[in-house]
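Right, one structure below, let's go through it.
The values are calculated or read from the model by the stated rules, or taken from the named source; none is laboratory data. Every value quoted in this text rests on a predicted model; they were computed, and no experiment measured them. For neighbour counting, all protein chains shown are included, and Cβ atoms are generated from backbone atoms with ideal geometry for every residue, glycine included. Note: areas computed on protein heavy atoms with side chains; ligands, DNA, RNA excluded. Shrake-Rupley method; radii C 1.70, N 1.55, O 1.52, S 1.80 Å.
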Amino acid sequence: MRVARAAYEAMVAHAQAERPFEACGVMAGSGGIVTEVHRMRNVAELFGVRYEMDPKEFLRVNNAIDDADLDLIGVYHSHPFTRAYPSATDMAQAWEGLVYAIVSLRDFLTPEARAFTIANGEVSEQPVEIVDAGE
């Protein structure tokens, strides 16, 4: 996954701001590069140990992404105290064709973001490449 530095930093900042709860949002861009992230409200009943996006908010943001002629590249969320790897819940909720980025704050001073695709219960890690604007 190629991600613009500003978008990467926005994901990490969102994760840090929501800790100890899970942050979540969507990633958009073009040409396969994430150029913007959209923070979403976590409406999960088990707030803090899982995430769930409000369907109406997701639809509104997805429409805005489409109106801007961008692509919905994927979803991001945080793991405030555990490693950046999809949980069983993450895998069960995954949509094929999207990239899932997870920001781990297990080491709060050194956040780690990893990206995955999930299809048919199989997890494949995607390298994360941070690029500067215009690359």
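Structure data summary
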item: Solvent-accessible heavy-atom area per residue, rounded to whole Å², over the chain at 1.4 Å; result: 54
item: Length gained when the stretch Glu96-Asp66 is fully extended (0.36 nm per residue, less Cα-Cα span); result: 8.9 nm
item: Average Cα contact separation per residue, the chain, under 8 Å, 6 or more apart, as relative contact order %; result: 26
item: In sequence order, calculated HN-Hα J values of segment 88-102 (Karplus, 6.51, -1.76, 1.60; Hz; x Gly/Pro); result: 4, 5, 4, 5, 5, 8, 5, 9, 4, x, 9, 9, 10, 9, 10
item: DSSP bridge orientation in the chain - percent antiparallel, rounded to nearest 5; result: 65
item: MRE, 222 nm, helices only [DSSP H, n ≥ 4, -39500 (n - 2.57), over the chain, to nearest 500]; result: -7500 deg cm²/dmol
item: Whole-percent carbon and sulfur share, accessible surface of the chain, 1.4 Å; result: 51
item: Filtered trypsin sites (Lys or Arg not before Pro), segment 1-64: DSSP coil and at most 15 other beta carbons within 10 Å; result: Arg41
item: Rough spin-label spacing in nm, given labels placed 7 Å along Cα→Cβ, for Val131 and Phe81; result: 3.8
item: Span from the segment 67-120 Cα centroid across to the segment 21-43 one, whole angstrom; result: 10
item: P(r) weight above 19 Å for the chain, C-alpha pairs, percent; result: 45
